[in-house]
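Written out below as structure tokens is the structure these notes cover.
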Amino acid sequence: QLQLVESGGGLVQPGGSLRLSCLTSGSSLEHYAVGWFRQAPGKEREGVSCIPYTGGAVNYADSVKGRFTISRDNAKNTVYLQMDSLKPEDTAVYYCAADPAGADVQAFCYMMEVWNFGSWGQGTQVTVSS
């Protein structure tokens, strides 16, 4: 059973940076897609970024392209989301999610659909405010 634990959220001023971490345990992530999602108050959960765990092209929501970077550290079983140039509209609970994506993990990440991801972390709050 795959377990995901997010950390790194907090309060930051507009223009600032945070790095979120998603520590995984319990299962191999071979051929998994690992994604970051966020949910602001009163809004639906949305995809932020996705990475095929074994490597390959990553995907970003248009709203974060050029500002956020997803990466992984295989030795630490951890996926990161580096968030730069943060804006107030980035305020949300951020979730790490993973799924055995199947034959085409690249396509799975490109779609980045909430309902496609079976394993979720507890979320970490990111607040961007001056």
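The values are calculated or read from the model by the stated rules, or taken from the named source; none is laboratory data. What you are looking at is a predicted structure, and each value in this text was computed from that prediction instead of being measured. With ideal geometry, Cβ positions are generated from the backbone for all residues, glycine too; neighbour counts draw on all protein chains shown. Heads up: the accessible areas ignore ligands, DNA and RNA and are worked out on the full protein's heavy atoms, side chains in. Shrake-Rupley method; radii C 1.70, N 1.55, O 1.52, S 1.80 Å.
What Kirkwood hydrodynamic radius do you get for region 1-56 when you take the inverse of the mean 1/r over all pairs of distinct Cα atoms, in Å?
Taking the inverse mean of 1/r over all distinct Cα pairs, region 1-56 comes out at 13.3 Å.
With a Förster radius of 22 Å, plug the Cβ-Cβ distance of Leu11 and Glu46 into 1/(1 + (r/R0)^6) and report the FRET value to the nearest 0.05.
Computed FRET efficiency for Leu11 and Glu46: 0.55.
For the chain, what is the accessible area per residue in Å² when the probe is 1.4 Å?
Accessible surface, normalised per residue, equals 50 Å².
Grab the Cα-Cα distance for Gln106 and Gln39, subtract it from 0.36 nm times how many residues apart they are, and report the gain in nm with one decimal.
Answer, rounded to one decimal: 21.8 nm.
Take every DSSP beta bridge with both residues inside the chain and express the antiparallel ones as a percent of the total, to the nearest 5.
95 percent
Quick one: putting +1 on the C-beta of Lys and Arg, -1 on the C-beta of Asp and Glu, what dipole do you get for the chain around its Cα centre, in Debye to the nearest 20?
300 debye
Taking the chain as a Gaussian network, Cα atoms linked when under 10 Å apart, which of Ala92, Ala33, Ala107 shows the biggest mean-square fluctuation?
Residue with maximal mean-square fluctuation among Ala92, Ala33, Ala107: Ala107.
Put +1 on the Cβ of each Lys and Arg and -1 on the Cβ of each Asp and Glu in the chain; which of Phe37, Ser129, Leu2 then has its Cα farthest toward the positive end of the dipole?
The one lying farthest along the dipole's positive direction is Ser129.
Which value in Å is the Kirkwood Rh of the chain over different Cα pairs?
Result for the chain, one decimal place: 14.4 Å.
Quick one: pull the percent of accessible area on the chain belonging to carbon and sulfur, 1.4 Å probe, ligands and nucleic acids left out.
48 percent
Under 21 Å Cα-Cα from Lys65, which lysines qualify once same-chain neighbours fewer than 8 residues away are excluded?
Result set, ordered by chain and number: Lys43, Lys87.
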